[in-house]
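**Q** Handing you this structure, nothing more for now.
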Amino acid sequence: QVQLVESGGGLAQAGGSLRLSCAASGMFLSINAMGWYRQAPGKQRELVAYIPRGGSTIYDDAVKGRFTISSDDAWNTFWLQMNGLKPEDTAMYYCRVITTRDFWGQGTQVTVSS
């Protein structure tokens, strides 16, 4: 079982920055992939950024060049650095971790004002 604790959301102005964190704890062998997703009101949850262990990072086109996903060496904590924020980035952001199962964080709200 994996517990995910997210932090770092909040209110930012357009053009500003926020850094989201996701800390994984519990009993698990290894994390095979991790990612950040977001869901705006009335919309489906969508991929923002994704790292498979040993693979290439994937970004949604809407955030390429502005957002960066990273992790610590132990793959227990990972982050989403968000620069150049836009009002359309406003959403609930969720971290996701894949071991032999799929785990999701509780979500952290990001609101970007124009």
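**Q** So what is the relative contact order for the chain, in percent, with contacts set as C-alpha pairs under 8 Å and at least six apart?
**A** 37
**Q** Tell me the carbon and sulfur percent of the accessible area for the chain, rounded to whole percent, probe radius 1.4 Å.
**A** Looking at the chain in its full context, I get 50 percent from C and S.
**Q** On a full-extension model of 0.36 nm per residue, what is the gain between GLU88 and LEU47, subtracting their alpha-carbon distance, rounded to one decimal in nm?
**A** That works out to 13.3 nm of additional length.
**Q** Next question, about the same structure. Just in segment 9-51: which trypsin sites (Lys or Arg not before Pro) are loop by DSSP and have at most 13 other Cβ atoms within 10 Å?
**A** When the trypsin sites (Lys or Arg not before Pro) of segment 9-51 are filtered for loop state and at most 13 Cβ neighbours within 10 Å, LYS43 remain.
**Q** Share of Cα-Cα pairs in segment 73-114 beyond 11 Å, in percent?
**A** Taking all Cα-Cα pairs of segment 73-114, the fraction more than 11 Å apart is 73 percent.
**Q** Moving to a separate point now. State the antiparallel share, in %, of DSSP beta bridges confined to the chain, rounding to the nearest 5.
**A** The antiparallel fraction comes to roughly 90 percent.
**Q** Note down the accessible area of ASP72, probe 1.4 Å, to the nearest 10 Å².
**A** So the heavy atoms of ASP72 present about 40 Å² to solvent.
**Q** Then there's this: Round to the nearest 0.05 the FRET efficiency obtained for MET27 and ARG66 when R0 = 35 Å and r is the Cβ-Cβ distance.
**A** Computed FRET efficiency for MET27 and ARG66: 0.50.
**Q** With every protein chain left in place and a probe of 1.4 Å, what is the accessible surface of ILE69, to the nearest 10 Å²?
**A** About 10 Å², ignoring ligands and nucleic acids.
**Q** With a 1.4 Å probe and all protein chains left in place, how much accessible area per residue does the chain have, in Å²?
**A** With the other protein chains kept in place, the chain gives 52 Å² per residue.
The values are calculated or read from the model by the stated rules, or taken from the named source; none is laboratory data. What you are looking at is a predicted structure, and each value in this text was computed from that prediction instead of being measured. We place every Cβ from the backbone using ideal geometry, glycine too, and count neighbours over all the protein chains shown. Ligands, DNA and RNA are excluded from the accessible area calculation, which covers all protein heavy atoms including side chains. Shrake-Rupley method; radii C 1.70, N 1.55, O 1.52, S 1.80 Å.
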